[in-house]
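Right, one structure below, let's go through it.
The values are calculated or read from the model by the stated rules, or taken from the named source; none is laboratory data. Since this is a predicted model, take the numbers as computed values, not measurements. Positions of Cβ are backbone-derived with ideal geometry, glycine not excepted, and every protein chain shown enters the neighbour counts. Surface accessibility is based on the protein's heavy atoms, side chains included, excluding ligands, DNA and RNA. Shrake-Rupley method; radii C 1.70, N 1.55, O 1.52, S 1.80 Å.
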Amino acid sequence: MLRLILRRLASAALVLLLASVVIFTVISVSGDPLGELRDRQPPVPRSVIAAEEARLGLNASLPMRYLTWLGGVLHGDFGPSTNANRDIGAELAGRVGVTLRLVVLAIVISLILSLVAGTVAALYQRRWPDLILTPTAFVLLALPSFWLAVLLKQWGIWFNNSTGYQVFYTVGEASVPRPQGFGPMLADISGHLVLPTIVLALVHFATWSRYQRAAIAEGLAGDHVRFAVLKGLSKRRIVTSYVVRPALIPIVTIVALDLPVVFSGAVITETVFQWRGMGGFLLESIANRDTNAVLAWLLVAATAVVVFNLLADILYGLVDPRVRYARS
């Protein structure tokens, strides 16, 4: 198992390095960070533009710019911003925590619901649990995430106005000013998480539950299950050991591959609920043509995807011993 982890760590580092090359190249050739400055009327003096080019490192060749940027990233410096007063690393560090608490909580809730709903729907095919869960999943699949977020936000506002109490928080990731003390602050953050987490979890629950249902249904039809029945094993043991556990491998794969989609959904959800997370950071950086800030966002997102896929590979070995022994 240790050898498997070390090999996957080396592979993940290589993938992340290649991703950094692709990200830097694509972003660097996609536009001019000083385009707005060059187009101003009356024209900005050439000396000012040259000074900005030197500050942002745009006067060097593309390979040298990449090496300089990569060296800075390894030391925690994401490079200068087009806004001289903006510290990209410090700002992004605070926003990563805001987004991660939303994404991680949504993944955990969605995964648990998917495992339960998909398993129940497969065990009771063409009966009332399946007849309820399957149409529900298809309805959620058909709903655009931004529309669901807006709908749930408006419902929260209506509910608060109807009851006269602020039961649901519909704006921001925390109250301003923040409550004092650990307990009140935790309760406040948890309250702001409710509606955005429901949106993000429901969107991915619909897809993952369908994969889980298909995996369980396929497992139930396997010869190994028939053999377990002939051996006289209990239904509970057959389902847990011979059906559910092997079915975890496909769902782990799907969750790992869907992580970029989860992050893109988080950008939309944060925008609707006006969170100051990575979503707002990305949109603001694109609007300001802040190349290094966009690079920093993409690198953090790529790192999260690589790390989650690394965890998925490790989970393969824990769920299925055949994977562990085959790669050791």
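Key figures
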| read-out | value |
| --- | --- |
| Matching entry among R213, R226 (being open to solvent by 60 Å² or more (accessible area, probe 1.4 Å) and basic (K, R)) | R226 |
| Among the residues listed as L248, L315, L310, L282, the single one being closer than 30 Å to R55 by Cα, open to solvent by 20 Å² or more (accessible area, probe 1.4 Å) and in a helix (DSSP H, G or I) | L282 |
| Some residue of segment 101-110 being open to solvent by 60 Å² or more (accessible area, probe 1.4 Å), not in a loop (DSSP other than H, G, I, E, B) and not aliphatic (A, V, I, L, M) | yes |
| Every pair of residues 6+ apart whose Cβ atoms lie under 9 Å, when the first sits in segment 33-50 and is in contact (Cβ under 8 Å) with a residue 24 or more places away in the chain while the second is acidic (D, E) | P33/E52; P33/D290; L34/E52; L34/E53 |
| Boolean, T170 is of a type in the set (S, T, N, Q) and part of a helix (DSSP H, G or I) | no |
| Filter pass, L259 being under 31 Å from the mean Cα position of the chain (by Cα) and among the aliphatic types (A, V, I, L, M) | yes |
| Condition check for T303: touching a Leu at 6+ places or on another chain (Cβ under 9 Å), closer than 22 Å to L2 by Cα and hydroxyl-bearing (S, T, Y) | yes |
| Odd one out for G94, checked against (1) under 30 Å from A304 (Cβ atoms); (2) at pLDDT 90 or above; (3) open to solvent by less than 70 Å² (accessible area, probe 1.4 Å) | (2) |
| Pair list, Cβ under 8 Å, 6 or more apart: segment 253-277 residue within 28 Å of D313 (Cα to Cα), other residue polar (S, T, N, Q) and open to solvent by 10 Å² or more (accessible area, probe 1.4 Å) | I254/T207; A256/N309; L257/N309; D258/T207; L259/N309; G265/S145 |
| Scan of segment 167-189 for residues that are among the aliphatic types (A, V, I, L, M) and open to solvent by 40 Å² or more (accessible area, probe 1.4 Å), ordered by number | V167, V171, V176, M185, L186, A187 |
| Filtered residue count, segment 127-166, keeping only those that are touching a Pro at 6+ places or on another chain (Cβ under 9 Å) and either open to solvent by 80 Å² or more (accessible area, probe 1.4 Å) or not in a helix (DSSP H, G or I) (or both) | 0 |
| Where a residue in segment 8-23 is touching a residue at least 60 places away in the same chain (Cβ under 8 Å) and its partner, wherever it lies, is small (G, A, S) and open to solvent by less than 70 Å² (accessible area, probe 1.4 Å), with Cβ under 8 Å and at least six apart | L16/A302; A19/A302; S20/A302; I23/A302 |
| Single residue of R237, R276, R289 found to be open to solvent by 10 Å² or more (accessible area, probe 1.4 Å), assigned to a helix (DSSP H, G or I) and charged (D, E, K, R) | R237 |
| Test result for R55, touching a residue at least 24 places away in the same chain (Cβ under 8 Å), more than 21 Å from the chain's Cα centre (by Cα) and open to solvent by 80 Å² or more (accessible area, probe 1.4 Å) | yes |
| Residue within segment 185-207 that is over 24 Å from the mean Cα position of the chain (by Cα) and in a helix (DSSP H, G or I) present | yes |
| Residue in segment 68-80 that is outside any loop (DSSP other than H, G, I, E, B) and open to solvent by 60 Å² or more (accessible area, probe 1.4 Å) present | yes |
